[in-house]
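*Asks:* Here you go, one structure.
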Amino acid sequence: SKEAKRQHYLKLVDEYTDKAVELYESEHDDQTGKKAKGLRACCEDIMELCWKEEGIRIKLTRSSVHRRLNGIKSRTCSNAEKSLLTDGEADALIREAIANAAEGFPLS
């Protein structure tokens with residue numbers, strides 16, 4: 001479904017944004033004297049890595065990586081922390097609703 005594809009894409013973007021942050025930090029912690037890559041170059045390298053590993057083109061923005069470097073959490077992570085249910089509880093609730101629907105409950 002479209003929603004499942006969207007969720008998978010957003011999960012990949014979050015994962016590869018973290019990798020871009022790690023790459024940027026490792027470039028700037030390096031003491032070899034060579035010129036470190038900037039945010040945009042790190043984003044481009046990681047987008048290419050995603051294409052090679054996953055076969056999916058993602059778009060990483062310099063500003064997203066910069067916010068993550070400054071300690072700002074991703075929107076999906078922030079929203080997950082606000083949730084009243086854990087992932088396990090949400091999955092159990094969904095399974096129960098599907099089982100009830102399969103039995104014809106609620107009666108309409």
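The values are calculated or read from the model by the stated rules, or taken from the named source; none is laboratory data. Because the structure is a prediction, the values reported are computed rather than measured. Note: ideal-geometry Cβ built from the backbone for every residue, glycine included; neighbour counts use all protein chains shown. Note: accessible area is taken over every heavy atom of the protein model, side chains too, but ligands, DNA and RNA are not part of it. Shrake-Rupley method; radii C 1.70, N 1.55, O 1.52, S 1.80 Å.
*Asks:* Hey, could you check the stretch 32-44 for residues that are open to solvent by less than 60 Å² (accessible area, probe 1.4 Å) and in a helix (DSSP H, G or I) and say which is nearest to L10 (Cα to Cα)? Walk me through how you get there before you give the answer.
*Replies:* Taking the stretch 32-44 and keeping what is open to solvent by less than 60 Å² (accessible area, probe 1.4 Å), we get 36, 38-39, 41-43.
Now restrict to residues that are in a helix (DSSP H, G or I): 39, 41-43.
Numbers: L39: 20, A41: 21, C42: 19, C43: 16 Å.
Among those residues, the one meeting the criterion is C43.
*Asks:* Just to check your reading of the model, which residue among L69, L84, L60 is farther than 23 Å from E44 by Cβ, free of Cβ contacts under 8 Å to residues at least 60 places away in the same chain and of a type in the set (A, V, I, L, M, F, W, C)?
*Replies:* On the way: L69 fails: farther than 23 Å from E44 by Cβ; L60 fails: farther than 23 Å from E44 by Cβ.
Result: L84 is the single residue among L69, L84, L60 that is farther than 23 Å from E44 by Cβ, free of Cβ contacts under 8 Å to residues at least 60 places away in the same chain and of a type in the set (A, V, I, L, M, F, W, C).
*Asks:* For the stretch 1-31, enumerate the residues that are hydroxyl-bearing (S, T, Y), open to solvent by 40 Å² or more (accessible area, probe 1.4 Å) and within 23 Å of T76 (Cβ to Cβ). Can you show your working first?
*Replies:* To start, the set of residues in the stretch 1-31 that are hydroxyl-bearing (S, T, Y) comprises 1, 9, 16-17, 24, 26.
From the residues that got through so far, the ones that are open to solvent by 40 Å² or more (accessible area, probe 1.4 Å) too are 1, 9, 24, 26.
Correct list: S1, Y9, Y24.
*Asks:* Output yes when any residue across the stretch 18-31 is of a type outside the set (G, A, S), at pLDDT 90 or above, under 11 Å from the mean Cα position of the chain (by Cα) and not in a loop (DSSP other than H, G, I, E, B), and no when none is. Break it down stepwise before answering.
*Replies:* Restricting attention to the stretch 18-31, the residues satisfying the condition of being of a type outside the set (G, A, S) are 18-19, 21-25, 27-31.
Restricting the remaining residues to those that are at pLDDT 90 or above gives 18-19, 21-25.
Remaining after also requiring under 11 Å from the mean Cα position of the chain (by Cα): 18-19.
Among the residues that remain, those that are also not in a loop (DSSP other than H, G, I, E, B) are: 18-19.
Yes, the stretch 18-31 has at least one match.
*Asks:* Then there's this: Identify all residues within the stretch 45-57 that are free of Cβ contacts under 8 Å to residues at least 12 places away in the same chain, open to solvent by less than 90 Å² (accessible area, probe 1.4 Å) and either small (G, A, S) or assigned to a loop (DSSP other than H, G, I, E, B) (or both); write none if there are none.
*Replies:* G55
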